[in-house]
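Every number here is computed from the coordinates shown, using simple stated rules; none is lab data. None of the values given here were measured: they were computed from a predicted structure. A quick note on method: Cβ atoms are made from the backbone with ideal geometry, for glycine too, and the neighbour counts reach across all protein chains shown.
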Amino acid sequence: MSDIGLFKKRAAEAAVQTLQPGMVVGLGTGSTARHAIERIARLISDKVLCNIVCVPSSAATEKLARALEIPLTDLEKNPDIDINIDGADEVDPDFNLIKGGGGALLREKILAQTSKRNIIIVDETKLSPKLGTRFFLPVEVLEFAWRPEQQYLRGLGADVQLRKTKLGAPFKTDSGNVVLDANFGPMGNPGELAARLDSRAGVMGHGLFLGLVAEIFVGGESGVRRLVRGQDKAC
Ligand code: 5RP
């Protein structure tokens, strides 16, 4: 495993320690979330973590969790999640995020908004002085609207590409939408951008997760740091 892989695993395993028996848990998507899911499965099979049920944030996470025999539920049966554990593509000092590198941003944000406690797990390379410095912004759009939404994003100053699969076809999300990857560069005012995107009928979701996270586990050379919003800066 690479150093970064190890940092992700350490952060994920530290975050899983916060779970208690009986909780409803949100499961994120991506390589860091995968470490958390594998750890949860181990604790369930060792009977350390009893009676938990989990809500997956994507079809890929659902498949993994089923294969590992993690008990699953959904938001209809369990609309209140106790703890949601997920990765991120970029984290600013004030705990705002860019997410959606894996294309699961819409369901991930729904889980984040419905959770009492959101825990983000990242390796230290994800920390950034300003969102947009190290990652583009994924914007999930209705396929019908992708061209006008691309033009709209370009009008806001972004370089915008339609996300494609390795075979060159448009990438489709679990909800059947397409993704525009918008490179804005370092963002001066992510809140204003989020409000603009939220006002567009063709935009089904975007990767700006602002003010949703109170706790971040950062894996790095010196171990895992647990950062708490209001007490720490994520840097
Ligand atoms: C998926 C996500 C992921 O959390 C994000 O892309 C981070 O992925 P990884 O843990 O593989 O670095 O937002 O939509």
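The table for this structure:
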| item | result |
| --- | --- |
| Total formal charge among the other residues, if their Cβ is under 11 angstrom from that of Val48, Lys/Arg +1 and Asp/Glu -1 | +2 |
| Relative contact order [Cα under 8 Å, 6+ residues apart], the chain, whole percent | 24 percent |
| Crossing angle, helix 3-16 versus the chain [Cα axis fit, 0-90 degrees, rounded to tens] | 60 degrees |
| Globularity ratio of the range 1-135, using Cα Rg and 2.2 N^0.38 Å | 0.99 |
| Order of Leu208, Leu64 - criterion: other Cβ atoms within 10 Å of each residue's Cβ, fewest first | Leu64, Leu208 |
| Lysines with Cα under 17 Å of Lys233, excluding same-chain neighbours fewer than 8 positions away | Lys126, Lys130 |
| Set of lysines near Lys116 by C-alpha distance (under 17 Å), chain-local residues within fewer than 8 positions excluded | Lys77 |
| Kirkwood-based Rg to Rh ratio, the range 8-50, C-alpha trace | 0.93 |
| Paired Rg and Dmax values of the chain, which use every Cα atom, in angstrom | 17.3, 54 |
| Mean residue ellipticity (222 nm) of the chain, computed from DSSP H runs ≥ 4 via -39,500 (n - 2.57), nearest 500 | -8500 deg cm²/dmol |
| Pairwise centroid distance, computed over Cα atoms, of the range 107-175 with the range 61-106, Å | 15 Å |
| Rounded to 10°, Cα long-axis angle of helix 146-155 versus longest principal axis of the chain | 80 degrees |
| Estimated FRET transfer efficiency when R0 is 30 angstrom, pair Val48-Ile4 (beta carbons, to 0.05) | 0.60 |
| Value in Å of the Kirkwood radius, where the range 137-205 supplies the Cα pairs that are averaged | 12.2 Å |
| Degrees between helix 31-45 axis and first principal axis of the chain (Cα, 0 to 90, nearest 10) | 20 degrees |
